[in-house]
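The structure under discussion appears below in the form of structure tokens.
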Amino acid sequence: MGVDFAHDEAKKVHGRLTILPEMQGPPGFSHGGVIAAVLDEIMSCASWISGNLAFAAHLEFDYRKPVPIGTELRFEG
């Protein structure tokens, strides 16, 4: 999806993603699965950097509002 991940000395993982038109779900907005996939990936990266092996057995989200196409999102884990 083109997410750029980096980590800092505190073992926090940071990522950025701009929502592109091909990531559209409802007209003009991001597909919720794109955001869920990035959150799952950043959790995995944070776990890996901390020296742990983990995976998501269950993901569930209640989104607060839609994310418009063209929005840059920043993630931290």
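Remarks
- Condition met for residue 44 (among the hydroxyl-bearing types (Ser, Thr, Tyr) and under 18 Å from residue 16 (Cα atoms)): yes
- In the range 1-22, the residues that are under 10 Å from residue 77 (Cβ atoms) and either at pLDDT 95 or above or open to solvent by 70 Å² or more (accessible area, probe 1.4 Å) (or both): 5, 7, 11, 12
- Any hit, the range 39-49, residues being aliphatic (A, V, I, L, M) and farther than 19 Å from residue 1 by Cα: yes
- Taken over the range 1-32, the criterion of being more than 15 Å from residue 69 (Cβ to Cβ) and within 15 Å of the chain's Cα centre (by Cα) is satisfied by 3, 4, 5, 6, 7, 12, 13, 14, 15, 16.
- Selection status of residue 61, in a loop (DSSP other than H, G, I, E, B), aromatic (Phe, Trp, Tyr) and open to solvent by 100 Å² or more (accessible area, probe 1.4 Å): no
- Members of the range 67-77 that are in contact with a helix residue (DSSP H, G or I) (Cβ under 9 Å, 6 or more places away or on another chain) and at pLDDT 95 or above: 67, 69, 70
- Close Cβ contacts (under 9 Å, 6 or more residues apart or on different chains) running from residues in the range 66-77 that are closer than 25 Å to residue 44 by Cβ to residues that are basic (Lys, Arg) and open to solvent by 60 Å² or more (accessible area, probe 1.4 Å) comprise 72/16; 73/16; 74/16; 75/16; 76/12; 77/12.
The values are calculated or read from the model by the stated rules, or taken from the named source; none is laboratory data. Predicted model only: the values in this text are computed from it and were never measured. Positions of Cβ are generated from backbone atoms using ideal geometry, with glycine treated the same way; all protein chains shown enter the neighbour counts. Surface accessibility is based on the protein's heavy atoms, side chains included, excluding ligands, DNA and RNA. Shrake-Rupley method; radii C 1.70, N 1.55, O 1.52, S 1.80 Å.
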